[in-house]
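Below is one structure, written out as structure tokens; the observations come after it.
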Protein chains: 2
Amino acid sequence: MEMNNYSLILPKWVSKEGEAGDVVLSSRVRLARNLKGFPFPNCANNQQLSEIGKTIESAVQIENCHAGHFNILRVKDIDSIERMMLVEKHLCSPQFIDEPEYKWLIVNEEQSISLMVNEEDHLRIQAMASGFAVDFSLDLANKIDDCLEESLEYCFDENCGYLTTCPTNLGTGVRVSLMLHLPCLTMVEQIKKVLSALNHVGINVRGLYGEGTESYGNIYQISNQITLGRSEEELAGHLKSVCRQVIEQERNVREALYKESRIQLEDRLCRSYGILTEARLLSSEEALKLLSDVKLGVELDMISTVDKVKLKELMFLSRAALLQKVTGQEIKSCERDYYRAQLIRDYLRKSE
Amino acid sequence: MEMNNYSLILPKWVSKEGEAGDVVLSSRVRLARNLKGFPFPNCANNQQLSEIGKTIESAVQIENCHAGHFNILRVKDIDSIERMMLVEKHLCSPQFIDEPEYKWLIVNEEQSISLMVNEEDHLRIQAMASGFAVDFSLDLANKIDDCLEESLEYCFDENCGYLTTCPTNLGTGVRVSLMLHLPCLTMVEQIKKVLSALNHVGINVRGLYGEGTESYGNIYQISNQITLGRSEEELAGHLKSVCRQVIEQERNVREALYKESRIQLEDRLCRSYGILTEARLLSSEEALKLLSDVKLGVELDMISTVDKVKLKELMFLSRAALLQKVTGQEIKSCERDYYRAQLIRDYLRKSE
């Protein structure tokens with residue numbers, strides 16, 4: 001199978017390990033902003049939506065925000081595979097591409113920053129990074145925000161803070177989220193208890209692609225529920241401290257399992273590795289489950305022949321649209337499992 | 001893991017592929033004989049059993065039967081692991097070692113010929129070979145038989161032929177059996193129909209270790225039910241012609257599956273290969289099932305990195321007693337799965 005150069009396809013941050021990379025896959029900060037003088041997107045007419053787009057587009061062009069070159073994409077001009085790929089790379093929400101009219105997606109070259117125009121709010125600024133990097137992502141998002149504010153006038157209220165379409169985003173408009181890999185908490189069935197404890201301290205838990213999506217491969221997205229009444233730093237600080245506790249819990253269970261049933265655990269993880277490298281048909285769900293096992297095996301030094309970064313890249317590349325991009329061909333849905341298995345096999349062989 | 005030299009442990013024929021080796025693992029011919037002047041073993045007293053042993057022992061020592069050097073073993077002097085190993089190598093029946101007193105096992109150096117003394121009959125002569133080799137094994141067994149008859153006087157009746165303890169062996173006293181690997185007939189669930197058809201034409205079907213044992217790894221032992229009223233050649237000819245039909249049926253299903261669902265089949269067999277080479281714990285039953293899948297994969301050119309002969313050797317070496325012999329240590333039964341997985345991994349790695 002000829003492969004397109006994945007480095008052009010994947011966001012650069014994916015290929016970095018990042019802090020606490022044994023548990024934290026990635027960090028993301030998202031700011032919700034709306035422009036003064038326009039109704040919220042759900043109430044705006046097409047002309048207004050169009051003007052909002054043009055206003056933000058020119059602000060991005062005027063202020064380069066020290067973020068390198070920005071690609072400005074009109075969602076309606078993007079084909080359906082590319083659109084799906086944007087979701088798979090977490091550059092936009094699944095909802096954003098469902099109705100592509102009057103929507104813009106603005107992405108920097110490293111694909112660490114993305115701006116959604118006319119999603120739920122006029123503007124959503126998003127910064128992503130590998131591992132446990134809340135401060136870094138928050139700084140980055142704030143820098144873009146401050147910079148764009150030179151050209152844009154935001155809806156802001158002295159008492160309420162930033163005004164947003166949905167009141168849950170009112171105030172700072174910030175949502176900090178972390179993608180966590182929690183295989184051992186899941187294995188010993190402590191995960192439900194942990195997740196429900198998070199809910200009690202104002203932390204949301206979601207699936208891989210955000211609200212309403214399922215958790216596959218023992219990957220959980222946690223984020224702050226509240227955006228009002230506290231500063232961005234306080235919100236981020238709270239999430240960080242809670243996250244540190246979850247990391248600690250996951251690491252403790254890993255250590256305990258390693259001590260108490262090393263062979264059984266190693267057997268399970270190595271079998272997954274065997275299947276991953278030999279199967280001829282892999283659904284995206286099974287691939288993610290196996291990749292999750294193999295990642296744990298590598299973290300626990302039970303599997304030594306696989307590069308951690310390649311595993312993380314495969315967690316992305318084995319997704320349906322990215323798979324088609326990387327193999328350079330449109331693949332019928334009934335043939336995807338075959339190409340996915342082939343891609344994974346070839347990819348892991350290269351890393352040996 | 002340090003391994004003892006397996007070539008000293010396994011019968012030489014195991015490491016040969018043999019005719020129709022894609023379906024027929026091995027052929028075996030067994031002759032039942034009793035000495036004139038002694039009661040059958042189930043009626044004989046200890047002194048008589050002892051005399052029978054000595055008589056046969058000295059016949060073997062006088063006639064060397066052109067079969068090279070024979071090892072004469074008193075079963076009661078063999079430790080329990082070695083005894084189990086003799087069963088695993090099919091050199092004697094499981095019943096034979098259960099009550100070790102007054103029993104002798106006589107084996108040639110290649111372990112292709114074995115004589116059981118005081119099993120159900122005074123003497124059972126057995127010859128084994130790889131693949132579809134009924135004529136070869138029958139010749140070999142007959143040669144030993146003729147040769148021993150120079151020194152021994154058998155119970156023989158002009159009308160009935162050779163007299164045996166159990167009337168089912170009366171007549172020629174010959175049982176010809178073939179060990180068949182029938183994964184595809186099993187997969188498409190035609191196996192029951194095929195096996196019941198065999199019963200209707202006077203062919204017995206048994207498990208891996210003979211009467212009353214189960215079939216693992218899609219391996220079936222077929223043999224003639226009748227020993228009376230026909231010549232050895234007729235009996236062998238009938239079994240051979242039936243066996244050729246079963247081989248044909250298995251090959252046809254393999255071809256059909258290859259044509260109609262190649263990827264699904266390849267996926268299944270390659271997954272088994274992945275598990276076999278990566279698992280850390282393997283029961284003997286699972287190991288045999290996986291080895292069976294991998295053998296089929298190799299036969300269908302879906303798996304190219306494994307040597308057929310090594311697979312056949314592993315079907316033996318992964319058995320409990322042989323495993324202990326080959327690893328050179330006594331292994332507690334709870335640790336066997338661990339050592340079995342390690343042996344298989346190391347062994348297959350060497351063959352790559």
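Number of residues in region A:259-281 that are in contact with a helix residue (DSSP H, G or I) (Cβ under 7 Å, 6 or more places away or on another chain) and farther than 18 Å from B:E278 by Cα equals 1.
Residue by residue, here is whether (1) open to solvent by less than 10 Å² (accessible area, probe 1.4 Å); (2) touching a Cys at 6+ places or on another chain (Cβ under 7 Å) holds:
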site: A:G131; (1), (2): yes, no
site: A:F136; (1), (2): no, no
site: A:C147; (1), (2): no, yes
site: A:F156; (1), (2): no, no
site: A:N159; (1), (2): no, no
site: A:C166; (1), (2): no, no
site: A:G173; (1), (2): yes, no
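Being among the acidic types (D, E), more than 14 Å from chain B (Cβ to nearest Cβ), touching a residue at least 60 places away in the same chain (Cβ under 8 Å) and surrounded by 20 or more Cβ atoms within 10 Å (Cβ to Cβ) is a property that does not hold for A:E285. Restricting region B:218-232 to residues that are open to solvent by 10 Å² or more (accessible area, probe 1.4 Å) and in contact (Cβ under 8 Å) with a residue 60 or more places away in the chain leaves a set whose member that is nearest to B:T186 (Cα to Cα) is B:N218.
Somewhere in region B:299-322, is a residue at pLDDT below 95, β-branched (V, I, T), in a loop (DSSP other than H, G, I, E, B) and under 30 Å from B:G161 (Cβ atoms)? No, region B:299-322 contains no residue that is at pLDDT below 95, β-branched (V, I, T), in a loop (DSSP other than H, G, I, E, B) and under 30 Å from B:G161 (Cβ atoms).
Considering the conditions (1) on the phi < 0 side of the Ramachandran plot; (2) within 26 Å of the chain's Cα centre (by Cα), B:L265 is excluded by exactly one of them, (2). Within region A:86-118, the set of residues being in a helix (DSSP H, G or I), aliphatic (A, V, I, L, M) and in contact (Cβ under 8 Å) with a residue 40 or more places away in the chain comprises just one member, A:V87.
Restricting attention to region A:320-346 and to residues that are among the hydroxyl-bearing types (S, T, Y) and without any contact (Cβ under 8 Å) to a residue 60 or more places away in the chain, the residue that is farthest from the other protein chains (Cβ to nearest Cβ) turns out to be A:S333. Among the candidates A:R83, A:R30, A:R124, the residue that is basic (K, R), surrounded by 15 or more Cβ atoms within 10 Å (Cβ to Cβ) and not in a strand (DSSP E or B) is uniquely A:R83.
For A:L290, the stated conditions do not hold, so it cannot be described as more than 9 Å from chain B (Cβ to nearest Cβ), touching a Pro at 6+ places or on another chain (Cβ under 7 Å), assigned to a helix (DSSP H, G or I) and open to solvent by less than 10 Å² (accessible area, probe 1.4 Å). Within region B:273-318, which residues are among the charged types (D, E, K, R) and over 23 Å from the mean Cα position of the chain (by Cα)? Residues satisfying the conditions are B:E278, B:R280, B:D301. When region A:241-262 is limited to residues that are crowded, with 17+ Cβ neighbours inside 10 Å and under 24 Å from the mean Cα position of the chain (by Cα), the one that is nearest to B:R349 (Cα to Cα) turns out to be A:E250. A single member of A:R340, A:R271 is in a helix (DSSP H, G or I) and within 20 Å of A:T186 (Cα to Cα), and it is A:R271.
Within region B:271-282, being of a type outside the set (A, V, I, L, M, F, W, C) and either more than 24 Å from B:Y220 (Cα to Cα) or more than 7 Å from chain A (Cβ to nearest Cβ) (or both) holds for B:S272, B:G274, B:T277, B:E278, B:R280. Restricting attention to region A:93-102, the residues that are under 21 Å from A:V29 (Cβ atoms), open to solvent by 10 Å² or more (accessible area, probe 1.4 Å) and in contact with a helix residue (DSSP H, G or I) (Cβ under 8 Å, 6 or more places away or on another chain) total 2. Remark: B:L73 matches the filter, which requires a residue to be outside any helix (DSSP H, G or I), surrounded by 14 or more Cβ atoms within 10 Å (Cβ to Cβ) and modelled with pLDDT of 90 or more. Residues in region B:142-201 that are touching a Lys or Arg at 6+ places or on another chain (Cβ under 6 Å) and either under 19 Å from B:R254 (Cβ atoms) or not assigned by TED's automatic domain parsing to the domain that holds B:D22 (or both): B:C184 alone.
The values are calculated or read from the model by the stated rules, or taken from the named source; none is laboratory data. As the structure is a prediction and not an experimental result, all values here were calculated from the model. Counting neighbours? That spans all protein chains shown, and the Cβs are built from the backbone with ideal geometry, glycine included. Just so you know, the surface numbers come from the protein's heavy atoms only, side chains and all, with ligands and any DNA or RNA stripped out. Shrake-Rupley method; radii C 1.70, N 1.55, O 1.52, S 1.80 Å.
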